[in-house]
Ligand code: F6P
């Protein structure tokens, strides 16, 4: 690793690493005894969320060093630039203003000095008009029937957010159902269309660029499906598009009044707050969508106003950084103890890995530290019966984010308490582990013979000291969901600032796309390109 820290931060990094080295070997559970204020110092409230970072491995000195690192890395200045609409996406010369999308009416956000809030409000009004019209039956399909299903087409940031929001908030018996297709694997759209009636289906194609191969292929397939029943003119009434390149959507054949624009200052993975959320706004109702925006806006205000030491996104980022850079932990698990949030790990994979999976700084120099971790996970308790074995007894220490809801009114009474018990128990078990002496004592008390104890004790010992971050909302509502997503967005931004990378571009996805287009031509019988022997053999084997 180079010494290429953001200016002024080298000393803070040195202090950080010294504190991390000193923290090695300190067991988390013992830190509660040696640091009497640990619980109060490392728990905080942020926009209705309770965040507990006391089960992280950081000592008081390490935590202080982390805060000093955030200060020295210019987190506060970078945050001011973000909200001011300055060019923070330097490689693409863009402001980054997803926060403007969830600000209340009357806000005055500017992108590079140009006012944007008025346009944002006008865009929201158009979304509301379509959502209300479809829901009330004032806006109907070509044959006069009400829309009962929306097919949302998009991929990456144009898919993961809407999918997560719908799964999290959908009613048990939705008046309007929402289906998704993203992959260019025809199996997905075949399933999505199965049993659907074109007369009652509204297709919404979502693509920031409107050039994405997968989305265009799915949009063409859906349009053909509509046309086969409704004819060209009829099909137009069943098709809407969302894009930051509205002219391309119109060129594709979408009626202008059915194209919903957003702006180049909205990154794909930060776009759920824009018209990218249109299908959710229709299927959930605009009021729910507005609540979702309001929850995120509450987190924005917290992020801007709270001091670094009690700032939820900053503290979550620092806990992650301490694990990643201080203790060299390269992966992180995310386990929402809420079935409705089971897609959160997939959403965070894009948010964190596409944003901070970078190896050069904003200035193009090799980055001085390890950057984003690999993120994986599934809903608890399901994950407990799959990958938690490795978390408890594997050779690597994998920090875990645990997300839960204090209450739910879904399902039979009592089940939620069982779920919560598991959430709390896992956080405790990961931290305290189980000593061999303890295992031996238990087996002895049960009358197990000495040889069996010798054989079993090492298998049944848990080292513990596995760190967790816990995020608790009162219940899963549009507001709390908005706050959780915004929490992670700002956490990702803070990490990017401290690592010195641009969190808002994604050049790393380009090469594969370019090669795929070339290879597609070869698979379709075009001239063979120059490849390595393995690639050539694959093309030969698979070309039609
Ligand atoms: O391939 C990466 C990516 O560019 C993501 O950043 C983006 O969310 C996704 O593709 C979809 O892009 P678009 O919304 O332009 O179709």
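The values are calculated or read from the model by the stated rules, or taken from the named source; none is laboratory data. For clarity, every value in this text was computed on a predicted model and none was experimentally measured. In this analysis, Cβ positions are derived from the backbone assuming ideal geometry, glycine residues included, and neighbour counts consider all displayed protein chains.
A few notes on this one:
- Condition check for residue 165 on (1) without any contact (Cβ under 8 Å) to a residue 24 or more places away in the chain; (2) under 26 Å from residue 353 (Cβ atoms); (3) within 16 Å of the ligand (Cβ to nearest atom): one failure, at (1).
- Options 89, 183; residue that is within 20 Å of the chain's Cα centre (by Cα), surrounded by fewer than 15 Cβ atoms within 10 Å (Cβ to Cβ) and at pLDDT 95 or above: 183
- Yes/no for residue 504 being crowded, with 23+ Cβ neighbours inside 10 Å and within 13 Å of the ligand (Cβ to nearest atom): yes
- Number of positions in the stretch 274-300 that are within 14 Å of the ligand (Cβ to nearest atom) and within 18 Å of residue 484 (Cβ to Cβ): 2
Each row is one residue, and each column tells you yes or no for (1) over 31 Å from the mean Cα position of the chain (by Cα); (2) away from the ligand (no atom under 16 Å from the Cβ); (3) modelled with pLDDT under 95; (4) not in a helix (DSSP H, G or I).
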| residue | (1), (2), (3), (4) |
| --- | --- |
| 428 | no, yes, no, no |
| 453 | yes, yes, no, no |
| 464 | no, yes, no, yes |
| 469 | no, yes, no, yes |
| 516 | no, no, yes, no |
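- Candidates are the residues of the stretch 245-271 that are within 12 Å of the ligand (Cβ to nearest atom) and assigned to a loop (DSSP other than H, G, I, E, B); the one that is surrounded by the fewest Cβ atoms within 10 Å (Cβ to Cβ) is 264.
- Consider the stretch 328-363 and keep the residues that are within 16 Å of the ligand (Cβ to nearest atom) and not in a helix (DSSP H, G or I). The one that is nearest to residue 481 (Cα to Cα) is 343.
- Against the list (1) more than 23 Å from residue 167 (Cβ to Cβ); (2) over 20 Å from the mean Cα position of the chain (by Cα), the condition residue 265 fails is (2).
- The stretch 104-159, residues that are within 16 Å of the ligand (Cβ to nearest atom) and assigned to a loop (DSSP other than H, G, I, E, B): 154, 155, 159
- Scan of the stretch 497-520 for residues that are closer than 26 Å to residue 9 by Cα and touching a helix residue (DSSP H, G or I) at 6+ places or on another chain (Cβ under 8 Å), ordered by number: 497, 498, 499, 501, 502, 503, 504, 506
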